[in-house]
Amino acid sequence: MLIRTNPWSEPREHEVTPQAAYLTRRQWLRTAAAAGAVGTASAWLPAQAATASAPGKLRALPAVASSVAGAGLAAGDKLTAYGDVTGYNNFYEFGTDKTDPAARADRMPVDPWRVQVDGLVGKPQTLSLDTLLKLAPMEERIYRLRCVEGWSMVIPWVGYSLAKLLAHVQPLGSAKYVVFTTLADKASMPGLSMRFIDWPYQEVLRLDEAQHPLTLLAFGLYGEVLPKQNGAPLRLVVPWKYGFKSAKSLVRITLTDKPVASAWMKSAPQEYGFYANVNPGVDHPRWSQATERRIGDGGLFTPKRKTLMFNGYEAQVGQLYAGLDLKRNY
Ligand SMILES: Nc1nc2c(c(=O)[nH]1)N[C@H]1C(S)=C(S)[C@@H](COP(=O)(O)O)O[C@H]1N2
Ligand SMILES: [Mo]
């Protein structure tokens with residue numbers, strides 16, 4: 001006999017307030033209270049056609065060695081449809097709805113593009129996108145992406161290990177952390193008027209996490225250059241951490257000796273810690289992290305999947321956290 005989980009016994013999707021909506025509302029209340037006035041009207045641009053609604057529209061990337069061992073599809077995984085990968089996004093610089101990035105990101109200027117790499121490195125430098133594209137051979141890496149909001153996808157990225165770029169700039173012995181700063185362009189990013197994030201969006205990794213071979217500097221997906229809504233022209237992908245660590249549209253990478261608070265840690269420190277490792281045993285204060293909804297799996301009646309420790313990459317990354325209390329270091 002088939003016993004289905006009663007879908008009404010779990011919070012339905014619209015009842016789990018996404019992080020941004022919750023924070024926007026909280027920020028709005030704060031602002032309104034302080035000003036004694038109603039919050040700002042939205043300055044959104046009119047919705048525009050998605051940059052890429054089907055594969056084959058964007059420039060192909062030079063392909064592409066096979067996935068690294070252990071980082072491909074697991075049993076039961078299949079690639080998330082291109083339309084979902086490029087149409088259901090979090091990129092708050094363009095708004096908080098999942099369809100905002102695809103509708104609005106096409107005005108983001110990505111050419112020319114440079115990335116400044118500085119701080120505690122022997123060879124600080126600013127690299128053009130062209131130089132970055134040629135720095136190491138491109139590989140296809142099929143990774144699960146688990147958003148802290150409780151949904152997931154399987155995405156075939158194209159890029160190379162961030163370790164390659166880090167080696168190129170020669171980290172000093174004193175370097176312990178890597179800070180990632182992303183584009184904040186007022187002219188094209190209407191979301192910057194929302195103050196729940198202290199823009200620019202920044203993320204931080206320990207240097208050994210950043211140097212782990214799974215940590216990807218991604219330039220493409222599905223064999224093509226990244227659509228803007230996915231973080232063109234280059235982004236971070238850290239597959240064992242919640243999606244918000246995978247910062248999009250990188251403009252600066254800085255090595256430091258002290259941990260810097262990420263944008264989400266500053267925004268909601270009791271909810272988002274430094275590590276943000278995917279962990280089914282450590283719930284978000286406002287919802288369970290034990291299960292996830294795989295985008296494309298079906299509708300409301302499809303059972304959720306069990307979330308895997310380190311998003312299924314425990315064998316590769318578990319030793320990075322040996323001896324660390326993962327409940328305190330969330
Ligand atoms: N600059 C920037 N990077 C970002 C975000 C963002 O809002 N701004 N959102 C993060 C979150 S919450 C997730 S889940 C992933 C989503 O990546 P995708 O849209 O390519 O699936 O991007 C992350 N990187
Ligand atoms: Mo996310």
Original post:
Of the numbered conditions (1) free of Cβ contacts under 8 Å to residues at least 24 places away in the same chain; (2) within 14 Å of the chain's Cα centre (by Cα), Phe91 satisfies every one except a single condition; which is it?
Top reply: (1)
Subject >> Considering residues of the stretch 277-307 that are in contact (Cβ under 8 Å) with a residue 40 or more places away in the chain and among the aliphatic types (A, V, I, L, M) only, the residue nearest to Ser246 (Cα to Cα) >> reply: Val278
Original post:
Looking only at the stretch 150-184, which residues are open to solvent by less than 40 Å² (accessible area, probe 1.4 Å) and out of contact with any strand residue (DSSP E or B) (no Cβ under 8 Å at 6 or more places or on another chain)?
Top reply: Ala163
Subject >> Residue count for the stretch 243-263, restricted to those that are open to solvent by 10 Å² or more (accessible area, probe 1.4 Å), near ligand 1 (Cβ under 7 Å from one of its atoms) and either on the phi > 0 side of the Ramachandran plot or assigned to a loop (DSSP other than H, G, I, E, B) (or both) >> reply: 1
**OP:** Run Tyr222 past the list (1) open to solvent by 20 Å² or more (accessible area, probe 1.4 Å); (2) modelled with pLDDT of 95 or more; (3) not aliphatic (A, V, I, L, M) and report the number of the one that doesn't hold.
**Re:** (2)
**OP:** Return the total of residues in the stretch 102-124 being open to solvent by 50 Å² or more (accessible area, probe 1.4 Å) and within 15 Å of Leu217 (Cβ to Cβ).
**Re:** 2
**OP:** Could you pull out the residue among Gly281, Gly298 that is more than 30 Å from Pro112 (Cα to Cα), exposed (fewer than 14 other Cβ atoms within 10 Å of the Cβ) and modelled with pLDDT of 95 or more?
**Re:** Gly281
**OP:** Would you mention how many residues in the stretch 304-330 are open to solvent by 80 Å² or more (accessible area, probe 1.4 Å) and over 20 Å from the mean Cα position of the chain (by Cα)?
**Re:** 8
**OP:** Output the number of the condition that Leu133 fails; it satisfies all remaining conditions of (1) closer than 30 Å to Ile295 by Cβ; (2) more than 16 Å from ligand 1 (Cβ to nearest atom); (3) in a strand (DSSP E or B).
**Re:** (3)
Original post:
Looking at (1) assigned to a strand (DSSP E or B); (2) modelled with pLDDT of 95 or more; (3) of a type in the set (Asp, Glu); (4) within 20 Å of the chain's Cα centre (by Cα), which is the one condition that is false for Asp84?
Top reply: (1)
**OP:** Could you please let me know if Lys266 is within 19 Å of the chain's Cα centre (by Cα), under 30 Å from Lys57 (Cβ atoms) and either in a loop (DSSP other than H, G, I, E, B) or touching a residue at least 40 places away in the same chain (Cβ under 8 Å) (or both)?
**Re:** no
**OP:** Restrict the check to the stretch 201-213 and report whether at least one residue is within 16 Å of ligand 1 (Cβ to nearest atom), open to solvent by 10 Å² or more (accessible area, probe 1.4 Å) and not in a strand (DSSP E or B).
**Re:** yes
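The values are calculated or read from the model by the stated rules, or taken from the named source; none is laboratory data. None of the values given here were measured: they were computed from a predicted structure. FYI the Cβ positions are ideal-geometry reconstructions off the backbone, even for glycines, and counts take in every protein chain you see. We work out accessible area using only protein heavy atoms, side chains counted, and drop any ligands, DNA or RNA first. Shrake-Rupley method; radii C 1.70, N 1.55, O 1.52, S 1.80 Å.
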